[in-house]
Structure formats: structure tokens, C-alpha cells
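The values are calculated or read from the model by the stated rules, or taken from the named source; none is laboratory data. These figures come from a predicted structure and were not determined experimentally. FYI the Cβ positions are ideal-geometry reconstructions off the backbone, even for glycines, and counts take in every protein chain you see. For the accessible areas, the whole protein counts, side chains as well, though only heavy atoms, and no ligand, DNA or RNA atoms are used. Shrake-Rupley method; radii C 1.70, N 1.55, O 1.52, S 1.80 Å.
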Amino acid sequence: LRSELGRHQVLLPDDGLERYERSVLGDATGRAAFVARPTSTAEVRAVVRWAYRHRVRLVPQSANSGLVHGGIPDGSGTMGVLSLELCKERLEVDRLGRTLTASAGYDLDWLNDHLRGDGLMLPVDVGSSPGVGGMVATNTGGTKVIGYGDVRRLTLGLEVVLADEDATVIDMLGGLRKNNTGLDLKQLFVATGGTYGVVTAATFELVPRPKQVATAWVVVKDDDAAFGLLQLLEADAGEFLTSFESMSGAVLELRRRHNPDLRLPFPAGSLPDLAILVELSSATPPDLGGLSMEELLVGVLDRGAARGHVVDAFLGRPEEMWALRHGIDEPAKEGVAFWVDVSLPRANIAVFRTRLFALAGTRHRDWTVLDLGHYGDGGLHVGLLYPFSRGRPPDPEEAEAFRLGVYELVAEHGGTFSAEHGIGPYNERYYRRFKDPAVQRLSGELKQLFDPRGILGVVNLGP
Ligand SMILES: Cc1cc2nc3c(=O)[nH]c(=O)nc-3n(C[C@H](O)[C@H](O)[C@H](O)COP(=O)(O)OP(=O)(O)OC[C@H]3O[C@@H](n4cnc5c(N)ncnc54)[C@H](O)[C@@H]3O)c2cc1C
């Protein structure tokens, strides 16, 4: 492989492979036989052909910011990491088409800096900077899904290398917004964690950067009030609504305790049980036609207060408002936290949260439930925190029982156990349990078609 790619593009254990082997949160580590770092689609094909010939398993990796361990090798020491980090041969901005075509190795933050000058952006807002390949393979969501959709909705085209004998390239790149010529094959490579093929490039739809944004923290009495407000916002300002994020009192309390300098918008000494971050954005400048996001937001919040949905609301500069929501790392300072990332129909979130707290109250009394999330799109991050102050380590079986209990509740209410991060080894056993067996069977048959020797990825989507 070194003779095909060049010596510095194939790293061996002596070169130090830790950063490719360890998950971003440090909660999982694998062992790689080597790391291959192709710079082009032709080189990706060379790696895949070589691996096919020698029956060597590969795990594709982009920025390695995934949270379900799908981008790191298993512990066998026999897998290779196929890192796309140097794969940057294509970068085309089509201003007229409002699209971007970029190789798999470019990362989100770099791309958005690059697009700034054209007044455009890829509207994916997350606390990490994933690569193009990783965003497609995990269908990245984030805080703006309610306004702009997830990566699946933003993906107009893909280039993929299959793990067959010839390492076939499927070129589905292009900026078509409509294409009704049968199967939309690219969708099979979105959110399937790199098990069907290696994404080497993608074409994304871009949006104009907003020229005015209004942001507010809103205190609500309960979930029903929050969803009353959401309905009002969608009815009166729907096309401008770009974020509707939730944070529970327990998370706010943690943030306050560990960040004395963090400006909380709420009156001194008071923290709500549930707060919602609302954001309206528009590409129309306020001096063009007199459209003001701030006035619009204040008007809706006033009407929300009159109807009993809003207890209190605080408008402020977006950076200040978001500072409270972004960069939450306090749970690890107080204990061991176990997180799940679920999604539910919006109509079922209120009853789900009530039952979640009841479940924790009866079965996990020593633990604190933390929840926050992308409320408006039905996404919730639920954590169970076991405090260091208990003086003994958490019981892993209890943590596992909690995860299963939450996933069962989610399934009962029509939701899914993985909203954003994918399956990965972290969720594989729940995939077996909760995913429709017929879909698992078909997934296995497709795997056979695209990757007949089963050399790609660490997760088996088949039965
Ligand atoms: C602080 C923090 C906040 C986060 N917030 C969010 C959030 O709000 N919403 C959200 O959705 N995610 C969030 N994430 C998760 C993470 O950033 C995403 O899962 C990300 O999309 C993964 O991209 P990556 O480039 O890092 O992929 P990697 O971690 O490298 O890989 C992830 C998966 O994709 C596969 N893969 C990678 N590259 C390719 C390729 N070229 N071809 C085929 N398969 C490939 C891997 O095999 C693996 O299965 C967060 C992560 C962190 C650390």
C-alpha cells in the first residue's frame, strides 16, 4: 500500500496512531494496523482495491468527532483506518446554483469561513467541526434543523467508492434540486455510517447568510406551553424560525454552578424548570421593506404571554444567548454521565418527558436526569448523571438499564433511539432490538451488493 500511496500517507503503529484510534470524548479506544490517508478519489480507490484483494477491513474516518464510535477501529489490531482528512482535491462554489461541491476531507468550520465572502453558508450548526464525509455518513443535525433541515435534506449529490473488486466509483454529484429518474441511490449512503461505501465528495445546497437575527430565552411553564409557543411561532413567523432549543432546569443549574462569568438572562437567583432558546433569522436586511426580526419575535412572544404559553422572555445578542446553550461540559465535572440521543414525534414529547422523570424517580433515585435538545425538531439529548459525591462508582448495570428503559419509552411513543449520531458500536445492540427485522434483512442484502467481502465499517446493519 505504501508503494501505491507514498510512504507518509500510510502510517503504521510506530508513527503514533492514537488520535485515529480514540473517540473524541475518550470513552472508547480501538487498535489500528495502519492508517491510510489518500488525497484523491483515485487514491481512495487504490486503498479500497488493495483492501479488497487482501481482505483487510477498513473503517472510514473524517474528522473523528462522531459520538457512537463508528469511525474508530475495533480492538483487534487488524483493521485499517481509511482517513479522508487529506482528501481535498475538489472545492467548487456555484454561486448561481447556490451549491457547494467539496471533497470528503473539508470540515464544516473551514467551509463556512470560505463561504462567508459570498454571503452563503452551509446551515449546519453543531458544537464540533465534522468533515464532509462524516456529515453525510451520520446525517448531522444540530440546532438549525427546524429551519434548514438536516444534512440529508441539504445533500444534492454524492461521489462514492464501493468496496467491490474494482472499487467502483458512483458519480452522483451535481446541483439538481429535482431528479425524478428512478432510485435516488445517494440516500443509501446518508446516515449509514460508511458501511455501504466511502463518500469521497458531496454537493450541498447553500443558503444566504442571515442579515438579521433575533434571539431570546423564553421561560415556559411546561412542555405543553412550550409546544403552544412553537405552534404560534410557526403560524405567525414560520419561515423565519431557525432554532427552537430546550434546556431543563437541572442543566441550567450545572451551567451556573461552574461558570460564574456566564451571563444568565434570567432574573438573579431564579432558574426556570424549562427554558427555550428561540431564534428567528432572515436574509432580508432590516432597512429593506421594514421587516424586523426583533419586532416580529417580540410580537409573537407577547401573544404567547397573553395565551399563557410564555412566563417570561429575554432578548439579547445572539452570541450571548447562545453562550448558555453551547459548550456544555459541566456534567463531567460533577460525576459520570451517560447520554442518549433520541427523537420523538413532537406531539409525544410532553408525555415522554413526564414518564422519563417518573422512571428516573422510581428506578434511579441517586442519579440526576439532564435533558436538553433540539426540541423543535423532536430531538432530545437525555443524560443520567451519577455524582462523584456519592463516593462510589456508578453501577454500570444500572446505567445500562437506564439506557434500555429510555429507549423502550422512546419506542413506545413512536420515536427512535438514534436521532443524530448514527448506530455505531455504541448503539448496535439497540439497532438489533428496535429496528424492524425486515429492514435489517434488506440492509444485509444491500451490504452484500456494495461490499461483498464485508470489509467496510465496524457495524453490521444486517440481521
Ligand atoms: C461537542 C460535540 C457536539 C456535537 N453536536 C452534534 C449535534 O448537535 N448534532 C449532530 O448531528 N452531531 C453532533 N456531534 C457529533 C458529530 O460531530 C457528528 O456525528 C459528525 O457528523 C461526524 O462527522 P466526522 O467527520 O467527525 O465523522 P467521523 O467521526 O470521522 O465518522 C463518523 C461516522 O461516519 C463514517 N464516515 C466518516 N467519513 C466517512 C466517509 N468519507 N465515507 C463514509 N463514511 C464515513 C465513519 O465510519 C463513522 O461511522 C457533536 C460532536 C461533538 C464532539
May I ask you to list the residues in segment 153-197 that are under 20 Å from the mean Cα position of the chain (by Cα), without any contact (Cβ under 8 Å) to a residue 60 or more places away in the chain and closer than 15 Å to residue 450 by Cα? 186, 187, 189, 190
Could you name every one of the helices (runs of 4 or more DSSP H) located completely within segment 206-322 that has at least 2 residues being over 28 Å from residue 337 (Cβ atoms)? 223-237, 293-306
Among what's in segment 327-365 and is buried (at least 16 other Cβ atoms within 10 Å of the Cβ) and assigned to a loop (DSSP other than H, G, I, E, B), pick the residue that is modelled with the highest pLDDT. 344
Residue under evaluation residue 5, criteria (1) modelled with pLDDT under 95; (2) surrounded by fewer than 17 Cβ atoms within 10 Å (Cβ to Cβ), criterion not met: (2)
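Going through segment 401-414 one residue at a time, which ones are touching a Phe, Trp or Tyr at 6+ places or on another chain (Cβ under 7 Å), surrounded by fewer than 22 Cβ atoms within 10 Å (Cβ to Cβ) and in contact (Cβ under 8 Å) with a residue 24 or more places away in the chain? Before you say what the answer is, go through the steps one by one.
Of segment 401-414, the ones touching a Phe, Trp or Tyr at 6+ places or on another chain (Cβ under 7 Å) are 402-403, 407, 409-411, 413.
Next, from what is left, pick out any that are surrounded by fewer than 22 Cβ atoms within 10 Å (Cβ to Cβ): 403, 407, 409, 411, 413.
Hits for segment 401-414 are 403, 407, 409, 413.
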Residue by residue through segment 54-107, note down the ones that are of a type in the set (Val, Ile, Thr) and over 20 Å from the mean Cα position of the chain (by Cα). 56, 78, 81, 93, 99, 101
Of the residues 109, 118, which is out of contact with any helix residue (DSSP H, G or I) (no Cβ under 9 Å at 6 or more places or on another chain) and either of a type in the set (Gly, Ala, Ser) or not in a loop (DSSP other than H, G, I, E, B) (or both)? 109
When the residues of segment 20-40 are narrowed to those that are open to solvent by less than 30 Å² (accessible area, probe 1.4 Å) and within 11 Å of the ligand (Cβ to nearest atom), which ends up farthest from the chain's Cα centre (by Cα)? 38
The lone condition residue 76 fails out of (1) away from the ligand (no atom under 12 Å from the Cβ); (2) hydroxyl-bearing (Ser, Thr, Tyr); (3) open to solvent by less than 20 Å² (accessible area, probe 1.4 Å) is (3)
Restricting attention to segment 92-103, does a residue exist that is in a helix (DSSP H, G or I), touching a Gly at 6+ places or on another chain (Cβ under 7 Å) and either within 16 Å of the ligand (Cβ to nearest atom) or in contact (Cβ under 8 Å) with a residue 24 or more places away in the chain (or both)? no
For residue 10: the one exception among (1) over 16 Å from residue 75 (Cα atoms); (2) β-branched (Val, Ile, Thr); (3) touching a residue at least 40 places away in the same chain (Cβ under 8 Å): (3)
Count of residues meeting criterion [in a helix (DSSP H, G or I), closer than 23 Å to residue 322 by Cα and open to solvent by 20 Å² or more (accessible area, probe 1.4 Å)] in segment 126-170: 4
Does segment 42-60 hold any residues that are within 11 Å of the ligand (Cβ to nearest atom) and open to solvent by 10 Å² or more (accessible area, probe 1.4 Å), and which are they? 60
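Take the residues in segment 125-139 that are of a type in the set (Gly, Ala, Ser) and within 6 Å of the ligand (Cβ to nearest atom), then tell me which one is nearest to residue 281 (Cα to Cα).
Pass one, segment 125-139, residues of a type in the set (Gly, Ala, Ser): 127-129, 131, 133-134, 137.
Applying the additional criterion that residues be within 6 Å of the ligand (Cβ to nearest atom) yields 127-128, 131, 133-134, 137.
Working: 127: 20, 128: 22, 131: 25, 133: 28, 134: 27, 137: 28 Å.
Ranking the qualifying residues of segment 125-139, first place goes to 127.
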Just name the residue that is least open to solvent (accessible area, probe 1.4 Å) out of those in segment 415-463 that are in a helix (DSSP H, G or I) and of a type in the set (A, V, I, L, M, F, W, C). 450
Failed condition for residue 295, given (1) of a type outside the set (A, V, I, L, M); (2) within 24 Å of residue 210 (Cα to Cα); (3) touching a residue at least 40 places away in the same chain (Cβ under 8 Å), with all others met? (3)
For the subset of segment 186-205 comprising residues that are assigned to a helix (DSSP H, G or I) and open to solvent by 10 Å² or more (accessible area, probe 1.4 Å), which member is farthest from the ligand (Cβ to nearest atom)? 187
Those residues of segment 440-458 which are more than 16 Å from the ligand (Cβ to nearest atom) and in contact with a helix residue (DSSP H, G or I) (Cβ under 8 Å, 6 or more places away or on another chain), in sequence order: 440, 453
